[in-house]
Every structure is written in C-alpha cells, then in structure tokens.
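Peer 1: Pasting a structure here, questions to come.
The values are calculated or read from the model by the stated rules, or taken from the named source; none is laboratory data. Model, not experiment: these values are computed from the prediction. Here Cβ is always computed from backbone atoms with ideal geometry, including for glycine, and neighbour counts include all displayed protein chains. For accessibility, only protein heavy atoms count, side chains too; no ligands or nucleic acids. Shrake-Rupley method; radii C 1.70, N 1.55, O 1.52, S 1.80 Å.
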Amino acid sequence: QVQLVESGGGLVQAGGSLRLSCAASGSDFIINDMGWYRQAPGKQRELVATITRRGSTTYADSVKGRFTISRDSAKNTVYLQMNSLKPEDTAVYYCSADRRPGIGISPRTYWGEGTQVTVSS
C-alpha cells in the first residue's frame, strides 16, 4: 500500500512564499502522474497542478505564474513552490499519485491526508 505524507503547510502573510513536499512510500509500485489539489471551506476540491514522470506540467489558471510543481521521480516525491500567496489560496492541500498499471496491477490514485495552508491579509 502506498502512503503519501504532505509537509510544509502553515501560516503565511499575503505576498509570502511556502514550499510543500509530499513523499510516497510503502511500496515498490511505479508512480506515474503526481499532483496537488486543494479544498477550501465550503468549496469543492480543485486541481492545483500536475506533473508527469517526464516533467510535463499543468496548472490551474488561478495559480499560473505563482506556483511551480516539481518532482524527484526516483524518490517518488513531489513539491509545490508557492509564491505571491493570496488569501484565496487558503485551503487544505492534498497530494496525489497515480499507480502505473501493468500485468496484475490495476490503475489507482493515492491521496495524502492533507496539509493546511493559511494566508493572512
């Protein structure tokens, strides 16, 4: 079973920066895409950014130019560098990882438990 553990959340002032990390452990399964999602109080969980094993990235329009996703595929670790933070970025941030399918291995997405990011004005 793959376990994802996020770290790096906290309280920061608007305009500040924060760096989130997420490490996958507990199995030898190959991980394909990894990503970050967030959920603010009273809102649906939304995509923040994704990154493939080859390094191709996608971003939500709301974070383009401010956030950068990166990964160390050998360590199955994904990062999210968040700059120019805004109060509307306040949410619980969740890490995701997709298991590579193969013979006897079905596709599956794993989720971390989340880390709180709070941006004050």
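Peer 1: Using only the heavy atoms of the protein chains and a 1.4 Å probe, how would Glu88, Glu113 rank by accessible area, largest first?
Peer 2: The ranking, largest first, comes out as Glu113, Glu88.
Peer 1: Could you tell me the distance between the Cα centroids of region 79-121 and region 20-67, to the nearest Å?
Peer 2: Between the Cα centres of region 79-121 and region 20-67 lies a distance of 5 Å.
Peer 1: Whose amide H sits under 5 Å from the amide H of Glu6, counting only residues 5 or more places off or on another chain, with H placed in the peptide plane?
Peer 2: Amide H neighbours of Glu6, under 5 Å, 5+ apart: Glu113, Gly114.
Peer 1: Separate question: Count the net charge of all other residues whose Cβ sits under 15 Å from the Cβ of Ala74, scoring Lys and Arg as +1 and Asp and Glu as -1.
Peer 2: +3
Peer 1: Ignoring ligands, DNA and RNA, how do Arg99, Arg108 rank by accessible area with a 1.4 Å probe, largest first?
Peer 2: Correct descending sequence by accessible area is Arg108, Arg99.
Peer 1: Given 0.36 nm per residue, what is the gain on full extension from Gln3 to Lys86 after removing their alpha carbon distance, in nm?
Peer 2: Stretched out fully, the Gln3 to Lys86 stretch lengthens by 26.9 nm.
Peer 1: Right, something else. So how much slack lies between Ser73 and Arg54, counting 0.36 nm per residue of separation and subtracting their Cα-Cα distance, in nm?
Peer 2: Extra length from Ser73 to Arg54 when fully extended: 6.0 nm.
Peer 1: Per-residue accessible area for Val119 at 1.4 Å probe radius, Å² rounded to 10?
Peer 2: Surface open to solvent at Val119 totals about 10 Å².
Peer 1: Please list Leu47, Leu18, Leu11 in order of solvent-accessible area, largest first, computed with a 1.4 Å probe with all protein chains present.
Peer 2: Putting Leu47, Leu18, Leu11 in descending order of accessible area: Leu11, Leu47, Leu18.
Peer 1: Take the chain, connect every pair of alpha-carbon atoms lying under 10 Å apart with a spring to form a Gaussian network, then pick out the residue of Asp98, Asp61, Asp33 with the largest mean-square fluctuation.
Peer 2: Asp61
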